[in-house]
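Reviewing the structure listed below.
The values are calculated or read from the model by the stated rules, or taken from the named source; none is laboratory data. None of the values given here were measured: they were computed from a predicted structure. Because the Cβ atoms are built from the backbone with ideal geometry, glycine has one as well, and the counts that use them run over all protein chains shown. Side chains included, ligands, DNA and RNA excluded: accessible areas come from the protein's heavy atoms. Shrake-Rupley method; radii C 1.70, N 1.55, O 1.52, S 1.80 Å.
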Amino acid sequence: MRKAWSILFLVCIAMSLTAKESIDRKKVVTRHNPHVTAIDTLASLTVGNGGFAFTVDATGLQTFPELYSKGVPLGTMSDWGWHSFPNKKHYKHSETLVARDFHRGHEEYYAAQFKENGRQKDASNYFRQNPHRLHLGTIGFAFDTPALVTDVDETLDMWTGKVESTFRYAGHKYHVMTVCDPDNDVIASHIESDSTIEVVLRFPYPTGAHSDDACNWNAEDKHTTELSVDGRGALITRVVDGVVYFVNVECNKGTRIRKKDAHTVSLTSKKGTLEFYAGYSGRNPMGFYVSQRPFADFAMASAGRWREYWNTGGFIDFSNVSDPRAHELERRVILSQYLMGAQEAGNIPPQETGLTYNSWFGKFHLEMTWWHLVHYGLWNKPELLDRQLAWYATAEEIARAIAQRQGFKGVRWMKMTDPSAEEAPSNVGSFLIWQQPHLIYLAELTYRAAKSDEERTKALEKYGKLVDETALFMCDFAEYDSANDRYILRGCIPAQETLKADSTVNPPFELSYWLTALDMAQKWRIRRGLTPMKDAQMVMDKLSPLAFNADSMYLAAESATDTYSNIRMTSDHPALLGALGMMPDNKLLDKTIMSNTLRWIWGNWNWDKTWGWDYPMTAMTCARLGEADMAIDALLMPKRTNTYLINGHNYQDQRLRVYMPGNGGLLTAVAMMCAGWDGCETSTPGFPKDWDVRWEGLLPMP
């Protein structure tokens, strides 16, 4: 694996289009290391290996989870940790279905939410809530008064993945170093103090709430925590309803391990030093971890993993840019890369709030995979994209069943789901379609980023069938309008979620995406030695052009003639911009009309009601239209939902203090602004000519 990463690094450097010599990546990364000097509930820091993450407060551990619960919470979360409340009334997914008739000649069954009280409403609520991501427990000092924490000096070294904190508590000095093992879900910490050190592992019951830290500290009788001590080590067995998981703890000599109360385990050292690791597993880990492994080993492993992460794939350096905003843009880019590597490089698609806390019950949203994952392809990290894209194969049969119950061929990818791939009921999500082409687009990026013919062949073999089945649904869903000799998209809710499924016709982003993805699917068939799909070609040839009004501005849908006078509509995603920006130029659109549309949206949209990914989406549209100055302004627009905290998290509002699609979108946009897109012959096309941006190893966007 290390050899493969090294080869990848050399290839990336060789592919540099602008840099005459390689960038000092360590210097760029470390100048943006987050530094915390006081308890700040929005400044918690994370260590993680991509599929497991541990977020700490100013003490370098998770000492005050209740205090931070309304800020950036102190999560301990994993890809594998999920929980469901007992299904005592034996609800079935079929009870959440409602028949809809979009006049396509057959009834279509959608997983919906119900307003009227009764079993269907209860079943819908149950499957929205369950399963939910599980908080695996906190590890922190046995302190009870945050006000007694003073003299905080805490830094996250992103080059090594280590959080180091010094502080005083009640006058006593503490020095804490914390890292995450790159290969196992293990947290290791080294603590020094002039006082007795007591660290406690606390275990909550799940809340099952829509958006919170997933910690119910007041349900002691609903779960069990068993402790088995063996010398310097201990095994903690957790039983939470039908879920069993384990925490394996190892401490330095002289540490006392005991159970303090029903769900608290104490580690106490009177010698001024406490060194421990805690390994989390969904299976009994006896013999799984290396006993008596010192902190230095974990720190070395973490440093090695992050050094490889930073030294492979693409990179950008803004230090030669005179514009004072460049430093802030670089900070956002570096911190976003770190957060993705710590929280969004696992084996399943990420949720909006990563592995920090739960949003939408911890489930992931497949329409957001574009924003979470596209950057891995452009930043030349295809292995991290492939790792998560592979999950789609496990969801294929359920996606096929969704298409069949709605009367369509192929597979229809669900919107809101979990590792089981079951569709969560929703009166919006079940009708979305822009998640459908993602599989094709992401598979194309893995193919383009492959480093050899052998890797490209493997990508075709791995995803070829899914690409075909995805395209098959898209062809069947596109409806032939015989009166106008064209194909239309209707009976759906577009990315502009203010529109309704029963009245929306031809949303522009979806039309552009349909054409782009079907063209990719055809190329995939040719690469595999197969003939192109006739149905796909028919749809592509006669797909409706984007509708515009008398002022030559694109509409949010052909049916949305009130796009520019409807306050509700202009207070949501300006998704129509994605038709050119996220998507390449194509025969369905006109750049002059899109330019008119961009300028109206720029000056009149209710930007205070937009979302974090709307800014990079706008920047990509600006870049493709040759408006480089506007692209920079879009990325740095001073709006609440475009705020990036000390730790790099994209803040939205009091509910979503973390919003990872914003981070992923930023990385996608700046990569495209550097490396351009297919057919672009301009160097660094998304940046103003006086921005001397140095970059290497990035790939052009389709």
Task: Solvent-accessible area of E226 with every protein chain in place, 1.4 Å probe, in Å² to the nearest 10 - done: 110
Task: Ordering of 422-432, 386-396 by packing [mean C-beta count within 10 Å, highest first] - done: 422-432, 386-396
Task: Under the Debye formula (equal points on every Cα, no solvent term), log10 I(q)/I(0) of the stretch 570-702 at q = 0.10, 0.14, 0.21 Å⁻¹ - done: -0.31, -0.60, -1.27
Task: Whether the stretch 155-293 is rounded, prolate or oblate, judged on the alpha carbon gyration tensor where a/c under 1.5 counts as rounded - done: rounded
Task: Helix 325-343 vs. the chain, principal-axis angle (Cα, 0 to 90°, nearest 10) - done: 70
TODO: Report, in degrees rounded to the nearest 10, the 0 to 90 angle that the Cα long axis of helix 2-14 makes with the longest principal axis of the chain.
DONE: 50
- [ ] Please work out how much accessible surface R232 shows to a 1.4 Å probe, ignoring ligands, DNA and RNA, in Å² rounded to 10.
- [x] 80
Open item on the list: Cross-link candidates for K121: which lysines have Cα within less than 24 Å, leaving aside residues fewer than 8 places away along the same chain?
Closed with: K88, K89, K92, K363, K415, K500
Open item on the list: Probe radius 1.4 Å, ligands and nucleic acids ignored: give me the carbon and sulfur share of the accessible area of the stretch 407-564 as a rounded percent.
Closed with: 49
Task: Cα gyration tensor category, rounded, prolate or oblate, for the stretch 265-419 with a/c compared to 1.5 - done: oblate
Task: Nearest-0.05 FRET efficiency for K271 and K587, computed from C-beta distance (R0 51 Å) - done: 0.10
Open item on the list: I'd like the Kirkwood hydrodynamic radius of the chain, using the inverse of the mean 1/r over distinct C-alpha pairs, in Å.
Closed with: 26.3
Task: Eligible aspartates and glutamates near K458 by straight Cα distance, threshold 15 Å, same-chain separation 8 or greater - done: E383, D386, E444
TODO: Report in % the part of the accessible area of the stretch 640-690 that belongs to carbon and sulfur, leaving out ligands and nucleic acids; probe 1.4 Å.
DONE: 44
TODO: Note down the nm distance, to one decimal, between modelled labels 7 Å out along Cα→Cβ at D261 and at E21.
DONE: 6.1
TODO: Just grab the label-to-label distance for E116 and A550, each label 7 Å out from Cα along the Cβ direction, in nm (one decimal).
DONE: 4.4
Open item on the list: In the stretch 241-338, if the dipole is taken from +1 on Lys/Arg beta carbons and -1 on Asp/Glu beta carbons about the Cα centre, which of V321, A299, C251 is farthest to the positive end?
Closed with: C251
- [ ] Would you kindly derive the ³J(HN,Hα) couplings of the stretch 675-687 from the backbone phi angles with the Karplus curve 6.51 cos²θ - 1.76 cosθ + 1.60 (θ = phi - 60°), listing them in order in whole Hz, with x for Gly and Pro?
- [x] 8, x, 8, 3, x, 7, 10, 8, 6, 6, x, x, 10
Open item on the list: Charges at C-beta only: +1 for Lys and Arg, -1 for Asp and Glu. How large is the resulting dipole of the stretch 627-702 about its Cα centre, in Debye rounded to 20?
Closed with: 520
Task: Gained length - S319 relative to K465, 0.36 nm times residue gap less alpha-carbon distance - done: 48.1 nm
- [ ] At a 1.4 Å probe radius, which order do E681, E461, E220, E469 fall into by accessible area, largest first?
- [x] E681, E461, E220, E469
Task: Solvent-accessible heavy-atom area per residue, rounded to whole Å², over the chain at 1.4 Å - done: 36
TODO: Would you mind pulling out the separation of the Cα centroids of the stretch 333-354 and the stretch 235-276, in Å?
DONE: 28
Open item on the list: Between N284 and R104, what is 0.36 nm times their sequence separation minus the Cα-Cα distance? Round to one decimal in nm.
Closed with: 59.6 nm
Task: List R599, R25, R405, ordered by accessible area with a 1.4 Å probe, largest first - done: R599, R405, R25
Task: For T55, solvent-accessible area (1.4 Å; no DNA, RNA or ligand), Å² - done: 0
TODO: Report the FRET efficiency, 1/(1 + (r/R0)^6), for S482 and S452, where r is their Cβ-Cβ distance and R0 is 41 Å, rounded to 0.05.
DONE: 0.30
Task: Crossing angle, helix 295-311 versus the chain [Cα axis fit, 0-90 degrees, rounded to tens] - done: 20
TODO: Give me the percent of DSSP beta bridges within the chain that run antiparallel, rounded to the nearest 5.
DONE: 95
- [ ] Rank by packing, highest mean first: peptides 187-198, 31-42, 124-135, with packing defined as the count of other Cβ atoms within 10 Å averaged across residues.
- [x] 124-135, 187-198, 31-42
TODO: First check a/c for the stretch 344-409, with a ≥ b ≥ c the square roots of the eigenvalues of its C-alpha gyration tensor; if it is under 1.5, answer rounded, and if not, answer prolate when a/b is larger than b/c or oblate otherwise.
DONE: oblate
